[in-house]
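Working notes, beginning with the structure itself.
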Amino acid sequence: QIFMPLNFLGFVYREIRGSLANIENLFDLLEKPPKILDKDDATELQVSRGEIRFNEVGFYYDEKRQILKNVSFTVKAGSKVAVVGESGAGKSTLVKLLFRFYDPSAGHISIDDQDIAKQTQASVRQQIGIVPEDTVLFNDTLYENIRYGKPEASDDEINQAIKLAHLDEFVDRLPNKGDTQVGERGLKLSGGEKQRVAIARTILKRPPIMVFDEATSSLDSQSEQAILSALREIAKGHTSFMIAHRLSTIVDADNIIVMDQGSVAEQGSHEELLALNGLYSRLWQAQQKNQAQIEEN
Ligand code: ATP
């Protein structure tokens, strides 16, 4: 009776220790989804181009409520694709499936023609960098927080990532520069600063596929510009997949997928979607109107 809990605690301890080197695993632990197990004959995902394909994907968390229905789209290698849609449309669920927090209940998702449900979770996550809406900062120095993206990174590599993430001016103003303690017990960073730390981690990791979950809370326009320009920097030569709340940030995307109640309602470039005069066009007009009202007040 005593042995079982101790054994379990040992397991949790090893899981957490093992995960610290990999931020996404920690994210995984915090999310606590039902365990998705690797198949006995699972292979390692090999990424050469970075093409993502959702093929007639269906998904539910609870059998009684279908969340995704027949979702199909392709993210071409090296392209920038944005997913938009109203709250609850299923945007984050797409990312959770791509990251193998869950497996689809119908259809399949492939990366470079390999069904990810047949690959090891670790190898799938290794190839994908995520900049979440809200980034977890550990109680450690800013430098060490960025190093989580690549534990063996040199100081030069970290400084380069800080620059590309447009964090350098911020770091220069800190009392102990990059050695300043951050997190709950140290300096608290704003939402935009935390996202730029996550971008710097991802720049260090340099995965072939990058996923960016745009913050819903409105950032000041200077922060937003710094983040957008950092993103352009890291997206170069990578496949990037972005969940966007403000349509103004994704007008230059190669393809925009418009989700509505778990299905793909429309897809195309910003101009193509406006010309369709459908859901995207309505969302765009509503946001333009809101923006005009904010500027008026
Ligand atoms: P938002 O823009 O508000 O973040 P979204 O488009 O990303 O929304 P999802 O988070 O993918 O939407 O959620 C799609 C649907 O799935 C919602 O109705 C939500 O309530 C439901 N859902 C999300 N996570 C879970 C979960 N863990 N268990 C059960 N239902 C869930």
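Every number here is computed from the coordinates shown, using simple stated rules; none is lab data. Here the structure is a predicted model, which means the values were calculated and not measured. Here the Cβ is made from the backbone with ideal geometry for all residues, glycine too, and neighbour counts use every protein chain on show.
Springs join every pair of Cα atoms under 10 Å in this Gaussian network model of the chain, and among 152, 233, 51 the largest mean-square fluctuation is at 152. Give me the log10 of I(q) over I(0) for segment 146-297 at q = 0.09 Å⁻¹, as the Debye formula computes it from C-alpha points; what are the numbers? Log10 I(q)/I(0), no solvent term: -0.36. Beta bridges from DSSP with both residues in the chain: antiparallel share about 50 percent, rounded to the nearest 5. In plain terms, the residue of 54, 73 with the fewest other Cβ atoms within 10 Å comes first and the most crowded comes last, giving 73, 54. May I ask you to evaluate 6.51 cos²θ - 1.76 cosθ + 1.60, the Karplus curve with θ = phi - 60°, for each residue of segment 57-68 and list the ³J(HN,Hα) values in order in whole Hz, giving x for glycine and proline? Here the 3J(HN,Hα) series is 7, x, 7, 9, 7, 10, 3, 6, 9, 6, 9, 10 Hz. Using the Karplus relation 6.51 cos²θ - 1.76 cosθ + 1.60 with θ = phi - 60°, the per-residue 3J(HN,Hα) values for segment 106-113 come to 8, x, 8, 10, 10, 10, 6, 6 Hz, with x marking Gly and Pro. Residues 141, 135, ranked from the fewest to the most other C-beta atoms within 10 Å, line up as 141, 135. For the peptides 271-280, 191-200, residues were scored by their other Cβ atoms within 10 Å and the scores averaged per peptide; the highest-first order is 191-200, 271-280. For residue 50, the residues 5 or more places off, or on other chains, whose built amide H falls under 5 Å of its own are 112. Residue by residue, segment 245-259 carries 3J(HN,Hα) couplings of 9, 9, 5, 4, 7, 10, 4, 8, 5, 5, 8, 10, 9, 9, 8 Hz when phi is fed to the Karplus relation 6.51 cos²θ - 1.76 cosθ + 1.60 (θ = phi - 60°); x denotes Gly or Pro.
Among 123, 72, 154, sorting on how many other beta-carbon atoms sit within 10 Å of each Cβ, with the fewest leading, yields 154, 72, 123. If you wrap the tightest convex hull around every Cα atom of the chain and split its volume per residue, you get 168 Å³.
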